[in-house]
Amino acid sequence: MENLLCFLTIMVAMFLGEWVSKKTHSWIPSIFVVAIIFLIGFWTVFPKDLIAQASYSKAFITIAIGILLVHLGTLMNLKKLVQQWKAVCIAVLGMLGTLIFTLTIGLAFFGRDLVVSTVPTLTGGLVAAALMTQGIQKAGMVALVAYPVTMFVCHHIISFPMISTCLRKEGARLKVVFQNDPAAAKAAVANDTGSTSSNDRQRFFSLGAEYDTPAFIMAKVALVAVFSFWISSLLHGVINANVLCLIFGVVAHAAGFLPDDALNKAKVFNWLMYGLLVFVLAELNATTPATIGKILLQALILIALGLLGMFLASVILAKPFGMSRPMAFACALTALCGFPADYILTTDVVNSLTDDADERAFLLDNMLPKMLVGGFATVSIASVLIASFFLNML
């Protein structure tokens, strides 16, 4: 029964997050609410192994990440993916702005140990936090182990509402664009997704409607994910396997091998997404009020400096790169969360802004690729390089 109780606890937390997000029209994001519930829960009544007891093990998450990223490739096309180089530039240069402010002003006020152990987490989210925690433990600097986790908790609590606010402003702007010329907006979405040609090519990879079952769709998605990891291993990890999952998902969709919105057609998307989210939030079980309180003020000041650097970089680059300032800042802020938070925040906002299917598709088509690609550039690639550099400074 313990396993079922843990699963029930997680699903209730998910429901409360979605309910609050819906009631506040995404001004309070669902992922923010769930993070607070887990944080307080781990400090009080939740068992430390709550997530594992509910069946969300590391093996499950390895599977979930790969096939979810392939699925996201079925929501966009190759042309759209390549076009997001501007989002990559803004996200990476936003990280650079963060490093400049924290490594100058931050070092001057807080000293080397605190800054070096926390700043990589500010520019790379969970991936950087894990790398820094492992590196600090190997270096035998036990007193610093809590610092990356504390930064991870603090900047998530601050960044989620900020990203949501930026996306709401961009979504409101795009709604006006759609309403001024719905026909042109629908045509643009159809052209970007390439749905007609994809459906034509899909026939070559289908055994017929009666055999096009959830199991068959899942098998094809898993095959693309396995292929992506295999290619990454051949390249000795030069290209991150997660990035390849997204790219090959796009290619497989464009070729007609995978249908549009694959995992939703297989009716497993929400199950996998919930599992991935709670596994990420399981990192909160390593914190206590004492560890957070010890460096809370310093962490908040470093976050403020980092966000200022990101904001200035995005404001400067927004117009030259043809983005609105809210969208550019949201792209820069993906460095603080990455996938799946960037996906959840974007879809939360879009669902709260409109109930019209065409309007929703237009908003997602314009915002989601930028957020996903920006997040991959920062969290999956740049954050690893930054964390590795900072580890050498310990």
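The values are calculated or read from the model by the stated rules, or taken from the named source; none is laboratory data. Remember, it's a predicted structure, so these values are computed and weren't measured experimentally. Note that we place each Cβ from the backbone using ideal geometry, even for glycine, and neighbour counts take in every protein chain shown. Ligands, DNA and RNA are stripped out before the accessible areas are found, and what is left, the full protein with its side chains, is counted by its heavy atoms. Shrake-Rupley method; radii C 1.70, N 1.55, O 1.52, S 1.80 Å.
I'd like to check which helices (runs of 4 or more DSSP H) are fully inside region 217-332 and have at least 2 residues that are over 23 Å from P120 (Cα atoms) and among the small types (G, A, S). So the answer is 241-254. If a residue has to be assigned to a helix (DSSP H, G or I) and more than 20 Å from N180 (Cβ to Cβ) to count, how many in region 340-360 make the cut? Count: 11. A search for C-beta distances below 7 Å between a residue of region 225-239 that is free of Cβ contacts under 8 Å to residues at least 12 places away in the same chain and any residue that is outside any helix (DSSP H, G or I), counting only pairs 6+ apart in sequence or on different chains, returns nothing.
A quick yes/no check of all residues on (1) at pLDDT 75 or above; (2) open to solvent by less than 40 Å² (accessible area, probe 1.4 Å):
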residue: S164; (1), (2): yes, yes
residue: K186; (1), (2): no, no
residue: R203; (1), (2): no, no
residue: A215; (1), (2): yes, no
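Residues that are open to solvent by less than 10 Å² (accessible area, probe 1.4 Å) and free of Cβ contacts under 8 Å to residues at least 60 places away in the same chain within region 26-67 comprise just one, G41. Considering L385, L363, the condition of being part of a helix (DSSP H, G or I) and within 21 Å of W27 (Cα to Cα) is satisfied by L363 alone.
Does L336 qualify as being within 17 Å of S159 (Cα to Cα), touching a helix residue (DSSP H, G or I) at 6+ places or on another chain (Cβ under 8 Å) and open to solvent by less than 30 Å² (accessible area, probe 1.4 Å)? Against the criterion (within 17 Å of S159 (Cα to Cα), touching a helix residue (DSSP H, G or I) at 6+ places or on another chain (Cβ under 8 Å) and open to solvent by less than 30 Å² (accessible area, probe 1.4 Å)), L336 qualifies. Checking A290, A304 one by one, the residue that is at pLDDT 90 or above, under 30 Å from I36 (Cα atoms) and surrounded by fewer than 18 Cβ atoms within 10 Å (Cβ to Cβ) is A304 and no other. For G17, the test of being touching a Ser or Thr at 6+ places or on another chain (Cβ under 7 Å) and either of a type in the set (S, T, Y) or part of a helix (DSSP H, G or I) (or both) is passed.
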